[in-house]
Amino acid sequence: MKLRAVCAVLTAATTIFYAQTSHAGIPIEHFTLDNGAKVFLVHSPGIPMVDVQLDFDGGSRRDPADKAGLASVTASLLSSGTRAAAGQKALDENAVGAAWADLGASFGAGASSDRMSFSLRSLSYPDLLERAVQLAAHEMAHPAYSQVVWERERKKLEASLKEAETRPATVAARAFGQAVYGSHPYGQEMTAATLARIRVQDMQRHHAATVLPCRAKVSVVGALDRAQTATLVQKLLQWLPQSSCPALPAVPEVASLQQASAQRIPFDAAQAQVLLGQPGFKRNDPDFLALNLANHVLGGGGFTSRLTEEVREKRGLTYSVYSYFSPALHAGAFTVGLQTRPDQADQALGVVREVLERFTKEGPTQAELDAAKANLVGGFALQLDSNRKLLGQVANIAWNELPLDYLDTWQARVQAIPLEQVKAAFARVVNPQRIATVVLGATAAPAAAPVKGQ
């Protein structure tokens, strides 16, 4: 009955939060604790719950090249047990899972290309939240990193990697990432060989260098005021080293492609995989919104996009064709992708290239831009209709150092972007003469890439 009650309260989060925010701004409080942790809070008292995300600069971009996957496994093994420390007893992975189930709360960790992140969700009743915070603090500060567990998990990962090599989409994506990023850490891939080089000591060192209060950006959404939030964050970080943070090594920027490239990968599959792209832009690019509007018209708007109209609707070459940018701390990839019959791959590729080159030269029409703005602005509320979604938005603001009123002004700023800015931004970032192309599984002979100016 307790778990059913917890689920009922959490399910109510979407409706209640949306009712509170659909007609009002979203005030974000920001403050820094004595230990250096930066806190971003949205007070949401509608339901008795709290969501917390802690982000640290310890994602895969900091993996050694010969140990790709280190950040990922460091995060994933966090829940596999804790050491006895700070008056807390040791827990194996089963005991950790049982403890969270008993609380009706959740805690987890993961790593992306830039961040190592921890997330806590709990009801905000004081006695229950206190126990959840203590357990999360113990798990985050004193992970066991058992050799036995690592050997078992490594075998699972190796089997998963081997199975992934049978999936055409995975093989194509890996080749595409290497073509776009080259030697940059964004292009590094976890392999059986890199996993074999990772030791428990490597995880311990990565954790010790990354998970420090002075490196934390903490986002909180829930039924807590500023004082309660400060106490919660201090307790979450209480058993981590309370020291200053040495500067982290610089990570190089993603190099621009100097020329076009094309790979043809044989693969026996019912569908050919076609990927085109190049390094795009960083998240702090001042044209971030303009570039996303341009992409919405090109291939991000689903059935209303240029690519869908030309490749699917007019020629019937694919069910779905898409484009997107992946901006991060460094220039993430600009990607165009589709699947098609193997004997149609070259025709589809030719159409995509024509559309991309024309769009780079001409950009969207005013009518297309107006429709893109209406679609994005109209759907904006759906990005904020629950505590969990709002937490992701607040964490985005915190991590990327965006203005605290970013969510309140987003719609007006999108509406104010002129057509010429959208055209110029896309032409600045995307160069069709330097596109990397990967075609996997096509049966026809490769066509020469129409590369001008070379």
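The values are calculated or read from the model by the stated rules, or taken from the named source; none is laboratory data. Quantities reported herein were computed from a predicted structural model and do not represent experimental measurements. Counting neighbours? That spans all protein chains shown, and the Cβs are built from the backbone with ideal geometry, glycine included.
Of everything listed in (1) in contact with a Ser or Thr (Cβ under 8 Å, 6 or more places away or on another chain); (2) more than 30 Å from Pro168 (Cα to Cα), the single unmet condition for Thr229 is (1). Among the residues of segment 43-60, are any of a type in the set (Gly, Ala, Ser), crowded, with 21+ Cβ neighbours inside 10 Å and under 16 Å from Lys217 (Cα atoms)? Yes, the conditions are met somewhere in segment 43-60. Going through (1) in a strand (DSSP E or B); (2) over 30 Å from Pro403 (Cα atoms) one by one, Ser323 falls short only on (2).
Restricting attention to segment 245-262 and to residues that are of a type in the set (A, V, I, L, M) and under 30 Å from Lys38 (Cβ atoms), the residue that is surrounded by the most Cβ atoms within 10 Å (Cβ to Cβ) turns out to be Val254. Restricting attention to segment 232-255, the residues that are closer than 30 Å to Ala333 by Cα and either touching a Lys or Arg at 6+ places or on another chain (Cβ under 7 Å) or aliphatic (A, V, I, L, M) (or both) total 6. Test Thr409 against the criterion of being β-branched (Val, Ile, Thr), outside the structural domain of Ile26 (by TED's automatic domain parsing) and within 27 Å of Asp114 (Cα to Cα), and give yes or no. It is true that Thr409 is β-branched (Val, Ile, Thr), outside the structural domain of Ile26 (by TED's automatic domain parsing) and within 27 Å of Asp114 (Cα to Cα). A residue that is β-branched (Val, Ile, Thr), assigned to a helix (DSSP H, G or I), in the same structural domain as Ile435 (by TED's automatic domain parsing) and within 20 Å of Phe176 (Cα to Cα) cannot be found anywhere in segment 305-317.
Take the residues in segment 176-201 that are outside any helix (DSSP H, G or I) and of a type in the set (A, V, I, L, M, F, W, C), then tell me which one is nearest to Ser261 (Cα to Cα). Among residues in segment 176-201 that are outside any helix (DSSP H, G or I) and of a type in the set (A, V, I, L, M, F, W, C), the one nearest to Ser261 (Cα to Cα) is Met190. Counting the residues of segment 187-238 that are over 22 Å from the mean Cα position of the chain (by Cα) and polar (S, T, N, Q) gives 8. Within segment 117-155, the set of residues being closer than 17 Å to Gln234 by Cβ and polar (S, T, N, Q) comprises Ser122, Ser124, Gln134. If the condition is being under 21 Å from the mean Cα position of the chain (by Cα) and either assigned to a helix (DSSP H, G or I) or among the hydrophobic types (A, V, I, L, M, F, W, C) (or both), then segment 113-139 contributes Met116, Phe118, Leu120.
Exactly one residue out of Ala223, Ala290 is hydrophobic (A, V, I, L, M, F, W, C), buried (at least 16 other Cβ atoms within 10 Å of the Cβ), modelled with pLDDT of 95 or more and outside the structural domain of Thr360 (by TED's automatic domain parsing): that is Ala223.
Of all the criteria given as (1) free of Cβ contacts under 8 Å to residues at least 24 places away in the same chain; (2) of a type in the set (Val, Ile, Thr); (3) surrounded by 20 or more Cβ atoms within 10 Å (Cβ to Cβ), the one not satisfied by Thr166 is (3). Just name the residue that is nearest to Leu54 (Cα to Cα) out of those in segment 339-388 that are surrounded by 14 or more Cβ atoms within 10 Å (Cβ to Cβ) and modelled with pLDDT under 95. Residue satisfying both the conditions and the ranking: Arg388.
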